[in-house]
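Note sheet for the following structure.
Any read-out appearing in this document is the output of simple, stated calculations on the displayed coordinates, not a laboratory observation. Just so you know, these numbers come straight off a predicted model, no measurement behind them. When we count neighbours, we look across all protein chains shown, and the Cβ atoms used for this are built from the backbone with ideal geometry, even at glycine.
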Amino acid sequence: SEKLEVVDFTDSATVKSVTIGDIEARVYAGVKMMRSVVATNDFVLDVFQLSSDDEHVYEYLYHSVDDDGAFRCELPLVECEVGQSPPWNWIRNARSTFVDDAWKVTTRQGEIKAGFSMAASPGTEIVLCEFPRTDDYEWPSYPMLIARRRAKSTIFASVIAAGGKSFQMPSVNCYLDDVNVRVTAGADEFVFRKLC
C-alpha cells in the first residue's frame, strides 16, 4: 500500500540512473532491498542489494532472446531439476553449476551479440534454462537464467550490453567499503550507498 523510497536519481547526457529502496522490509518481511539501475550509451548496470538478519535463498532471474533459444556459456553445466509445481513446471532443459568468480552468458540475434555478466560472489549457483515463448512451447524458447545464493545478505551486480561483430562484453566487479558499494563496469566506476 506504500510506494518504495527513491534513494537516488540521475538524468545526465551520458548516464540515466535510479535507486529504489525498501529499507523498512515492507515487500518481504525481514528482508531489506535496494536496487540501482544505470543506463549508459554502452551498457545497463543492475546492482541489487538484499539484507536480512536471517539466512535466505536469494534468486536473481534474467530472460533474454536468442535465435537458437538458449544462452551460450563456457561454464561446465550439468542437468538439474528446478521443480514440478507452478511456475517451475514451465521451465525446460535446466542445467546448473556453482561458481565463485565473475561469469557471463551471451545470446545472438542475427548479427547482434548480447551479453550478461555478473560480478564474483563465492558460492553462486547458476541455472540456465529455457522459458516457453508460447503455451505450446513453440521453438525457439526464451533463454532464462537464475543466479541463486544462500546468505543473510548479498549483492547481485550485473551488466547487460550488446553490439555487432566486434562486440566485447564489459567486465563487472563489485567492492564494498564502510558506507558504499563500488561497481566497475568496463572502464567506468559507479558508487552506491550500501544497504547495511
Over the chain, with a Gaussian network built from C-alpha contacts below 10 Å, which listed residue (Ala29, Ala102, Ala114) shows the highest mean-square fluctuation? Ala29
Evaluate the charge dipole of the chain about its Cα centre and quote only its size in Debye, nearest 20, assuming +1 on the Cβ of each Lys and Arg and -1 on the Cβ of each Asp and Glu. 180 debye
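Between beta-carbons, use under 13 Å as the cut-off and find the net charge around Gly163, counting Lys and Arg +1, Asp and Glu -1.
Values: positive: Arg108, Lys113, Lys165; negative: Asp42, Glu111.
Net charge in that neighbourhood comes out at +1.
Stretch Lys16-Leu75 to full length: gain in nm at 0.36 nm per residue minus the Cα-Cα span? Mind showing how you got there, number by number?
On the way: separation 59, 0.36 × 59 = 21.24 nm, distance 3.25 nm.
Between Lys16 and Leu75, full extension yields 18.0 nm more.
Taking 0.36 nm per residue of separation and subtracting the Cα-Cα distance, what length does fully extending Arg150 through Arg108 add?
Values: separation 42, 0.36 × 42 = 15.12 nm, distance 3.12 nm.
Length gained between Arg150 and Arg108: 12.0 nm.
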Please compute the contact order of region 77-155 in relative form: average sequence separation of alpha-carbon pairs under 8 Å and at least six residues apart, divided by the residue count, as a percent. 25 percent
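For region 4-144, state the average projected area of the convex hull of the C-alpha atoms over all orientations, rounded to one decimal in nm².
Working: hull surface 43.2 nm².
Computing the convex hull of the Cα atoms and averaging its projections yields 10.8 nm².
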Rounded to the nearest 0.05, FRET efficiency between Trp90 and Asp67 (Cβ-Cβ, R0 25 Å) equals 0.75
Dividing the Cα convex hull volume of region 1-43 by residue count, how many Å³ per residue is that? 68 Å³
Pairs beyond 19 Å (Cα-Cα), from Lys3/Lys32; Lys16/Lys152; Lys152/Lys194; Lys104/Lys152: Lys16/Lys152; Lys104/Lys152
Dipole-positive endmost among Met169, Ala187, Ser153 within the chain (Cβ charges, Cα centre): Ala187
Largest fluctuation, Val78, Val105, Val18 only, Gaussian network model of the chain with Cα springs under 10 angstrom, belongs to Val78
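Could you size up the charge dipole of region 111-196 around its Cα centre, putting +1 on the beta carbon of Lys and Arg and -1 on that of Asp and Glu, and report it in debye to the nearest 20?
Numbers: 10 positive and 10 negative charges, 78 e Å.
That gives a dipole near 380 debye.
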Percent of Cα-Cα distances greater than 15 Å, calculated over region 14-69: 61 percent
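If I stretch the segment between Asp101 and Asp178 completely, what's the gain in nm (0.36 nm per residue apart, minus their alpha carbon distance), one decimal? Provide the component values of the computation, followed by the final result.
Details: separation 77, 0.36 × 77 = 27.72 nm, distance 2.27 nm.
Gain in length upon complete extension: 25.4 nm.
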Label-point separation in nm, Val57 to Ile23, each point 7 Å along Cα→Cβ: 3.2 nm
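How much FRET efficiency would the formula 1/(1 + (r/R0)^6) give for Asp8 and Glu138, where r is the Cβ-Cβ distance and R0 is 30 Å, rounded to 0.05?
Values: r = 42 Å, r/R0 = 1.39.
That gives a FRET efficiency of 0.10.
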